[in-house]
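Reading through the C-alpha cells given below for one structure.
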Amino acid sequence: MTQRNDEIAELKRQLERLSLFHEVGKALASSLDLQKILQTIMEKISDFLQPDTWSLLMLDEKAHELYYEMAIGTSANQLKDLRIKMGEGIAGWVAERGEPVLVEDIATDSRHMVRRDGSWHPEAQSIVCVPVKGRENVLGVIELVNTASKERFHKEDIPILKNLADYAAIAIENARYVKRIHDLTITDDCTALYNARHLNFVLDAEIYRSTRYGYEFSVIFIDLDHFKQVNDTHGHLVGSKLLWLIGDLVKGHLRLIDYAFRYGGDEFVVLLPQTSRRNALMVVRRLRELLNSRIFFVEEGLKVRITASFGIAGFPDDARTRRELLHLADEAMYLVKNTTRDNIALSGDGVVN
C-alpha cells in the first residue's frame with residue numbers, strides 16, 4: 001500500500017511539472033511581452049516550490065554586476081536597489097561560473113554573505129540558484145530562498161528550475177532580437193542616429209503631446225557646409241566617418257529628452273521638446289561654437305574643419321503641422337546656406353548672429 005501511495009504521489013508531481021511547463025510554454029508562444037513572460041515564469045516557480053523569497057537577477061554586462069529585475073517575498077523590498085558583483089555571494093558565483101548551486105544549510109557555505117546593512121537574505125537557511133543561460137553567455141540568475149520556517153530545497157528542485165530558466169533565456173533573447181530588429185528599422189546605419197522615417201513618427205507624437213498639454217517645441221535643420229569637398233579631397237570613407245563623428249557630437253550635446261536624426265546626405269534634424277524658439281537658438285549657438293572649434297582626424301594627419309548652416313522653426317508659433325514645421329526649418333536653413341553659411345536663421349526672422 002505504501003509503495004502504491006508513493007507511486008501515486010510521484011505521478012501527481014510529474015503531472016504538476018507537465019502542467020507547469022505547459023503554462024510557461026503557452027506564455028512564451030503567445031506573447032512578445034518580456035515582462036509578462038518573466039512574470040509568468042516566476043509566478044509558476046513560486047506556486048510550485050513556494051519559497052519565502054524568489055528573485056530574477058539580470059546581468060548588467062557593462063558594469064559586470066547583477067541587479068534585481070524581479071523580487072517577491074519576505075526580503076523583496078530590501079533587494080530592490082541592491083547590486084551584486086560577478087563572483088560575489090551565491091548569485092554572483094552562479095552568474096560567473098554558469099553552474100547551479102543548492103545550499104541546504106546556508107551556515108555551511110562560505111559563499112553566502114550577509115551585508116552589514118542586513119539587506120542580503122539575513123535570515124536565509126536554504127538557497128537554490130540557477131543560471132539563466134543564453135546561446136553565448138549567462139543572462140542572469142534565478143534565486144530562491146527559504147528561511148528556517150520553510151522546508152529546505154532539495155537537489156530534485158534543480159532540474160525544474162533549470163528548465164524554467166531555459167524558458168526565461170528564450171524570452172529574454174527573443175525580446176532583445178525583436179528590439180534589435182526594431183532599432184534597425186528606425187536607425188541610420190552611418191551615424192547611429194534615428195532616420196528620417198522615424199522623424200515623422202516622433203514629430204506626430206510630439207505635436208499631439210504638445211497640443212494636449214500646451215507645450216512648445218522646436219525643430220532644427222542642420223546642413224554641413226562644403227561637405228562634398230571632404231569627400232572629393234579625402235574620399236568617401238573619411239566622409240562617412242565624419243558624418244558619424246558629427247552625429248555623435250550633436251547627440252552628445254543634447255538632453256536625454258531630445259532627438260537627433262540624420263535626414264539624408266549631410267543633413268541632420270534635431271527635435272527639442274518643451275523648448276521655445278529662443279531657447280533653441282541658445283542651444284544651436286552652443287552647438288555651432290562646438291562644431292567650429294572641433295578639428296577632425298588630427299591623429300590621421302588630415303585636420304579637417306567643417307561648419308554648418310542652421311535653421312530653426314517652432315511649434316506652435318511658426319506652424320502646427322509636421323510638414324509645415326519641417327518646411328519652415330528647412331527654408332530657414334537654406335536662407336543661411338544661400339547667403340553667409342556657417343550661421344543660424346530663425347523662421348520668419350531671418351539670419352541671426
*With Cβ to Cβ distances under 13 Å as the rule, what net charge do the other residues near residue 69 carry (K, R +1; D, E -1)?*
-2
*How many nm is it between the label spots at residue 61 and residue 279, if each spot is 7 Å from the Cα in line with the beta carbon?*
3.6 nm
*lysines within cross-link reach of residue 44: Cα-Cα under 20 Å, excluding same-chain residues under 8 positions apart?*
12, 26, 36, 133, 150, 155, 162
*List the relative contact order of the range 194-352 as a percent without decimals, with contacts defined as Cα pairs under 8 Å and 6+ residues apart.*
28 percent
*Would you list, by chain and number, the lysines whose Cα falls below 24 Å from the Cα of residue 337, excluding same-chain residues fewer than 8 positions away?*
228, 241, 251, 303
*Output the antiparallel fraction of DSSP beta bridges having both residues in the chain, as a percent to the nearest 5.*
90 percent
*asked:* With a cut-off of 8 Å between alpha carbons and a minimum separation of six or more residues, what is the relative contact order of the chain in percent?
replied: 12 percent
*For the chain, what is the calculated [θ] at 222 nm in deg cm²/dmol (nearest 500), taking -39500 (n - 2.57) for each run of four or more DSSP H residues and dividing by its residue count?*
-15500 deg cm²/dmol
*For the range 267-307, build the charge dipole from Cβ charges (+1 Lys, Arg; -1 Asp, Glu) around the Cα centre, then report which of 274, 304, 293 sits farthest towards its positive end.*
274
_Run the numbers for residue 327 and residue 200: contour at 0.36 nm per residue of separation, minus the present Cα-Cα distance, in nm._
44.4 nm
_Label-to-label distance, nm, for residues given as residue 286 and residue 179 (7 Å Cα→Cβ offset)_ = 2.9 nm
*Scaled radius of gyration (Cα, divided by 2.2 N^0.38 Å) that the chain gives*: 1.39
*Using only Cα atoms, locate the centre of the range 93-108 and the centre of the range 167-235, then give the distance between them in Å, rounded to an integer.*
44 Å
*Grab the beta carbon distance between residue 254 and residue 76, set R0 = 30 Å, and tell me the FRET efficiency rounded to 0.05.*
0.20
*Could you please report the charge total around residue 183, scoring K, R as +1 and D, E as -1 over all other residues with beta-carbon less than 12 angstrom from its beta-carbon?*
+1
_Just to be sure I understand the model, the point goes 7 Å from the Cα along the line to the Cβ. What's the resulting residue 245 to residue 232 distance in nm?_
2.0 nm
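Rule-based calculations on the coordinates, nothing more; no lab input. Predicted model, so just to flag it, every value in this text is computed and none were measured. Quick reminder, even Gly has a Cβ in these numbers, built from the backbone with ideal geometry, and neighbours come from all protein chains shown.
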